[in-house]
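Participant: Pasting a structure below so you can have a look.
What follows is calculated from the coordinates using simple rules that are stated; it is not laboratory data. It should be emphasised that the depicted structure is a prediction, and the values quoted were computed from it without experimental measurement. Cβ: placed from backbone, ideal geometry, glycine included. Neighbour counts: every protein chain shown.
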Amino acid sequence: MPLVTGIELLEDARRRDYAVGAFNVNNMEIIQAIIAAAEEERSPVILQASQGAIKYAGIRYIRALVLAAAEEAKVPVCLHLDHGPSFEQVMECLRYGFTSVMFDGSHLPYEENVRLTAKAVEAAHAVGVSVEGELGKIGGVEEEIRVEDWDVVLTDPEVVPDFVERTGVDYLAVAIGTKHGFYKGEPKLDFERLARIHQLMPDLPLVLHGGSGIPEEHIRRAIPLGVRKINIDTELRAAFVGKAREVMAAKPEEIDPRKILGPAREAMKEKVKEKMRLFGSSGKA
Ligand code: G3H
Ligand code: ZN
């Protein structure tokens, strides 16, 4: 199946009240694990490349691996740029056939975020690709991006309509207390803030970053409040590496990488399936 755009998936999620998992990828086994999970769950899926993934594997490899996986898949697959820091990188991803891009101007002053996001939207829309923007500043560490607790800025709901209207973004990452990486203690999500954003912009698909480690009841509560894309990276890595470690400890003499990466891929697939069921995307493809 050819790749589909992000907005196609998130519009269906909005109509049928579920969320699509956006899972970070950087090698063949991870891509295979996620696609196999989507096929088994009959779920739409977003595969996304972070800045670290682009440094590690390169945009061309990621694109080629995802295209190979999607070609065979019977479920809709979207290829997304995660936390794009510049107009140039957005353009590069458009040239390589990504079907969704994020321009992350959250560290910029508001007017600058508006200006650069609108520029990315204009270019992406010209070739039929949908765009995610970010308003507020999400905490935690995601490879290249580190935001300390004191630097977190929660999204001001009252500013959202202005940002969306002036930039033309198709979906919006909001800062409501989630964090990238593992949480220390229980995450505290600001549901009042999320509800107000949803009340002001009921048709706008919202994106939750830092999806790893959020208790299931919080996820179930967030979805009807407009959350249509949930980003997960850390929990998938933990499943993959945890299994690889287990195999290496049990068989220290093993030197065939496939005997280690194969079971790790299987463990990651099970974690992705669990998330798809939780997000309500299972059976929707
Ligand atoms: O953009 C990717 C994420 O927001 C993933 O966050 O590693 O905490 O799951 P996570
Ligand atoms: Zn993120």
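Participant: All but one of (1) surrounded by 21 or more Cβ atoms within 10 Å (Cβ to Cβ); (2) more than 16 Å from ligand 1 (Cβ to nearest atom); (3) among the aliphatic types (A, V, I, L, M) hold for M102; state the number of the condition that does not hold.
Facilitator: Among (1) surrounded by 21 or more Cβ atoms within 10 Å (Cβ to Cβ); (2) more than 16 Å from ligand 1 (Cβ to nearest atom); (3) among the aliphatic types (A, V, I, L, M), M102 violates only (2).
Participant: Right, another one. Quickly run through the stretch 19-36 and pick out the residues that are assigned to a loop (DSSP other than H, G, I, E, B) and over 14 Å from V207 (Cβ atoms). So that I can check it myself, show each step before the final result.
Facilitator: Restricting attention to the stretch 19-36, the residues satisfying the condition of being assigned to a loop (DSSP other than H, G, I, E, B) are 19, 25-27.
Correct list: V25, N26, N27.
Participant: Further, regarding this structure: Just to be sure I understand, how many residues within the stretch 112-141 are of a type in the set (A, V, I, L, M, F, W, C) and crowded, with 24+ Cβ neighbours inside 10 Å?
Facilitator: As a first pass, look at the stretch 112-141 and keep what is of a type in the set (A, V, I, L, M, F, W, C): 114, 116, 118, 120-121, 123-124, 126-127, 129, 131, 135, 138, 141.
Then drop every residue that is not crowded, with 24+ Cβ neighbours inside 10 Å, which leaves 120, 124, 129, 131, 135, 138.
Going through the stretch 112-141 one residue at a time, the tally reaches 6.
Participant: Considering every residue within the stretch 11-24, establish whether at least one is surrounded by 22 or more Cβ atoms within 10 Å (Cβ to Cβ) and farther than 15 Å from K229 by Cα.
Facilitator: No, that holds for no residue.
Participant: Follow-up question, since we're still on this one. Scan the stretch 38-58 for residues that are farther than 15 Å from D233 by Cα, among the small types (G, A, S) and in contact with a strand residue (DSSP E or B) (Cβ under 9 Å, 6 or more places away or on another chain) and jot them down. Steps first, answer last, please.
Facilitator: Looking only at the stretch 38-58, we keep the residues that are farther than 15 Å from D233 by Cα, and these are 38-44, 55-58.
Going one step further and asking which of them are among the small types (G, A, S), we end up with 38, 43, 57-58.
Listed by number, the residues that qualify are A38, S43, A57.
Participant: Which count do you get for residues in the stretch 239-261 that are in contact (Cβ under 8 Å) with a residue 24 or more places away in the chain and either surrounded by 16 or more Cβ atoms within 10 Å (Cβ to Cβ) or touching a Gly at 6+ places or on another chain (Cβ under 8 Å) (or both)?
Facilitator: The first filter runs over the stretch 239-261 and keeps only residues in contact (Cβ under 8 Å) with a residue 24 or more places away in the chain, leaving 239-240, 242-243, 261.
Narrowing further to those that are either surrounded by 16 or more Cβ atoms within 10 Å (Cβ to Cβ) or touching a Gly at 6+ places or on another chain (Cβ under 8 Å) (or both): 239-240, 243, 261.
Summing the residues that are in contact (Cβ under 8 Å) with a residue 24 or more places away in the chain and either surrounded by 16 or more Cβ atoms within 10 Å (Cβ to Cβ) or touching a Gly at 6+ places or on another chain (Cβ under 8 Å) (or both) in the stretch 239-261 gives 4.
Participant: Pick from the stretch 162-206 the residues that are in a loop (DSSP other than H, G, I, E, B) and among the basic types (K, R): which of them is surrounded by the fewest Cβ atoms within 10 Å (Cβ to Cβ)? Before you say what the answer is, go through the steps one by one.
Facilitator: Start the filter on the stretch 162-206 by keeping residues that are in a loop (DSSP other than H, G, I, E, B), which leaves 168-170, 175-178, 181-190, 201-205.
Subset that is among the basic types (K, R): 184, 188.
On the way: K184: 10, K188: 12.
Here the residue is K184.
Participant: Return the residue satisfying two criteria in turn: it lies in the stretch 118-139 and is of a type outside the set (K, R) and within 16 Å of ligand 2 (Cβ to nearest atom), and of such residues it is nearest to F98 (Cα to Cα). Even if it seems obvious, please write down each step before you answer.
Facilitator: If we filter the stretch 118-139 for residues that are of a type outside the set (K, R), which is where we start, we get 118, 120-136, 138-139.
Add one more test, that the residue is within 16 Å of ligand 2 (Cβ to nearest atom), and what stays is 131-136, 138-139.
Details: V131: 11, E132: 13, G133: 16, E134: 19, L135: 22, G136: 25, I138: 24, G139: 26 Å.
Looking at residues that are of a type outside the set (K, R) and within 16 Å of ligand 2 (Cβ to nearest atom), I get V131.
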